[in-house]
Amino acid sequence: MEQETNTTRKESEEEKEMKDEELKAQINDIIEGEIQNGINDYLEAQESKEDSGVGFVSNEAKELNVKVYKDQVDKLIKEYKQIKKYRKSNLGQVQKMGLVDKHGKPL
């Protein structure tokens with residue numbers, strides 16, 4: 001009986017780790033997409049400057065460096081989990097129905 005409980009606990013921990021990894025992968029994909037959009041906008045702006053012939057175009061660096069810190073991603077995940085947990089709570093369900101405000105006071 002005790003062995004079954006330990007096995008179940010290990011499985012749930014593994015599932016939790018898998019969900020965390022999936023969540024991190026999704027966040028990384030979103031960040032990469034936003035970065036790519038920023039790069040595309042930057043390149044379009046540079047092309048429009050060159051095409052217009054107005055002003056001087058300097059030889060700027062051709063590389064864009066972006067740093068995404070792991071602790072910032074972890075903060076996003078933590079905040080996401082708190083919001084998700086609140087939405088599943090009873091107070092969150094009642095608020096969804098519109099019967100209380102965000103502090104739990106009746107409207």
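The values are calculated or read from the model by the stated rules, or taken from the named source; none is laboratory data. Keep in mind it's a predicted model, so treat the numbers as computed, not measured. As a convention, Cβ positions derive from the backbone with ideal geometry for all residues, glycine included, and neighbour counts pool all protein chains shown.
Looking at LYS62, LYS70, LYS105, LYS84, just one residue is surrounded by fewer than 10 Cβ atoms within 10 Å (Cβ to Cβ) and at pLDDT 80 or above, and that residue is LYS70. What do you reckon, is GLN3 in a helix (DSSP H, G or I), polar (S, T, N, Q), more than 30 Å from HIS103 (Cα to Cα) and at pLDDT below 80? Yes, satisfied.
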